[in-house]
Structure formats: structure tokens, C-alpha cells
Amino acid sequence: MNCIIIEDEPAAQSILEQNLSLCPGMQCCGIFGDAFSAQEFLDNHSVDLMFLDINLPEMSGVSFLRSLVNPPLVIFTTAYPQYAIDGFDLEIVDFLLKPFSFERFCKAVNKAKKKLNSKASPAVSSKISVKTDRRIYQFGIDDILFIETCGDYVSIHCLDKKLVVHGTLKSWEEKLKGFSFLKVHRTTIVNLQKIDHIEGNQIYTGKHILPVAEPYKVQLLERMFKHPLS
């Protein structure tokens with residue numbers, strides 16, 4: 001993770017630089033004593049994270065952050081706790097109140113790493129498109145009640161429609177991986193969020209009653225209630 005330090009006190013600069021040198025995966029690309037020199041660097045370099053002091057000469061850290069169109073992640077470093085509200089309004093990663101421990105510093109860095117990783121992860125679309133009867137339908141994944149297979153086709157049962165498309169149940173299991181779907185029978189996968197109730201070996205979802213095969217029942221109950229079948 002590339003980062004810069006914007007801090008006008010040499011002692012504070014040294015502490016931040018030393019702490020960063022002890023954190024795996026952190027690369028300090030520059031140390032700046034004011035907002036304007038930092039801005040010049042940001043205009044020409046890509047930065048993941050800024051350690052930003054608030055009490056800076058000529059322009060405060062808060063004003064500087066407000067001036068940035070597409071700022072990197074920010075951790076405020078300051079001796080003034082009253083600025084915490086400004087920081088959270090500006091959606092900073094963390095607020096380090098001087099003097100802070102190395103343990104507290106590491107916690108802030110780990111929060112920044114987690115946030116950067118979540119930003120880098122591709123968003124999973126909650127919409128899906130299928131082609132059937134010379135038409136292309138688009139609908140929300142959350143609208144699906146269940147999917148059942150019949151030969152070379154699958155029937156997608158939604159809240160307001162049923163679509164029959166060419167494909168296999170296995171391919172739909174892969175397509176819906178990461179969402180709340182589970183195989184409950186060799187012919188059926190069901191949206192766990194749409195189950196009304198379970199009675200014996202039957203699932204009630206919408207106006208439909210689906211069979212639950214015994215080999216899948218334990219996993220179904222574990223997913224729904226977080227404990228195994230007793």
C-alpha cells in the first residue's frame with residue numbers, strides 16, 4: 001500500500017515513518033510539511049493512503065481534504081479530539097489522537113488495508129439476464145424463489161413469473177455462488193431468503209411446496225439456523 005505523510009512537526013514525521021517501516025506491505029512515498037507540496041505530489045502520483053495532520057500551516061488538513069476531488073484513503077493524526085466529527089463526516093478511515101501507541105497505529109493501518117481491499121474487489125451484480133422465447137429478460141436475483149431442472153432446461157421461478165431456459169442446474173449453482181441459494185434436492189436449488197417455513201421434508205416458498213432430499217437437509221438447517229439437525 002502506497003502512502004504519504006502530511007505533517008509539519010519533524011518529531012511526528014519520524015514516528016509515523018518509523019511505524020510504517022515496521023508494517024508489512026506499507027510503502028512511504030513521501031513526507032510533506034504542508035498541504036500544497038502534498039497536492040503537487042498527488043497531481044503526479046497514485047497514492048492509496050494519506051496520514052494527514054489537521055493543524056498544518058496555511059491550509060488545515062480538514063480544508064485540504066475537502067478540496068480534493070478524488071482523495072485517497074485518509075487517517076487523521078492530530079492532538080485535537082474535537083476534529084473527530086469532521087473526520088467522520090469526511091469518511092476517513094481512522095482518527096489517531098496524539099500521542100498514540102504503535103498498537104493503535106497498526107489497528108488504523110489494518111482498517112485502511114481492509115477498506116482498500118474491499119474497494120478493489122469487483123462488485124457483484126444483483127441483476128441477471130436470460131434469453132427465452134426470443135426475448136431477453138432481466139430481473140433481480142432476490143426475486144428468484146427457486147430453480148428446478150428438467151432435462152436440458154431449467155425453470156426459474158420468480159415472484160411474478162416463471163422462465164424456462166436452456167441450461168443445467170450445476171451451471172446455475174455456479175452462477176449464484178455467493179448469494180443465498182442452496183441445493184435441497186438433486187433437481188432443485190432454493191433461495192433461502194424466500195423460504196416461508198419448513199415442515200418435515202417440505203419447503204414452503206411463495207405458493208410452492210418443494211421436497212427436501214434427506215442428504216441436503218442437515219446443510220439446509222445449518223445454513224438457516226446455524227446449528228445441525230438434532
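The values are calculated or read from the model by the stated rules, or taken from the named source; none is laboratory data. Owing to the predicted nature of the structure, the values given are computational and were not obtained by experimental measurement. Please note: Cβ atoms are built from the backbone with ideal geometry, for glycine as well, and neighbour counts cover all protein chains shown.
For the reader, a short list of remarks on this structure follows.
- Just one of the numbered conditions (1) of a type in the set (S, T, N, Q); (2) touching a Gly at 6+ places or on another chain (Cβ under 8 Å); (3) outside any loop (DSSP other than H, G, I, E, B) is not true of Asn55: (3).
- The residue pairs whose first member lies in region 71-83 and is without any contact (Cβ under 8 Å) to a residue 24 or more places away in the chain and assigned by TED's automatic domain parsing to the domain that holds Asp94, whose second member is outside any loop (DSSP other than H, G, I, E, B) and crowded, with 21+ Cβ neighbours inside 10 Å, and whose beta carbons are closer than 8 Å, counting only pairs six or more residues apart or on different chains, are Pro71/Met50; Pro71/Leu65.
- Condition met for Leu42 (modelled with pLDDT of 95 or more and not aromatic (Phe, Trp, Tyr)): no
- Residue in region 157-177 that is in contact with a His (Cβ under 9 Å, 6 or more places away or on another chain) and surrounded by 13 or more Cβ atoms within 10 Å (Cβ to Cβ) present: yes
- Looking across region 15-41 at every residue that is acidic (Asp, Glu) and more than 16 Å from Phe100 (Cβ to Cβ), the one that is surrounded by the fewest Cβ atoms within 10 Å (Cβ to Cβ) is identified as Glu40.
- Of the candidates Phe95, Phe105, Phe139, Phe181, the single residue that is aromatic (Phe, Trp, Tyr), free of Cβ contacts under 8 Å to residues at least 40 places away in the same chain, surrounded by 14 or more Cβ atoms within 10 Å (Cβ to Cβ) and under 30 Å from Asn55 (Cβ atoms) is Phe95.
- Unmet requirement for Ala12, which otherwise passes all of (1) small (Gly, Ala, Ser); (2) farther than 25 Å from Ser118 by Cβ; (3) surrounded by fewer than 18 Cβ atoms within 10 Å (Cβ to Cβ): (3)
- Count of region 17-55 residues which are touching a strand residue (DSSP E or B) at 6+ places or on another chain (Cβ under 7 Å) and farther than 20 Å from Leu116 by Cα: 9
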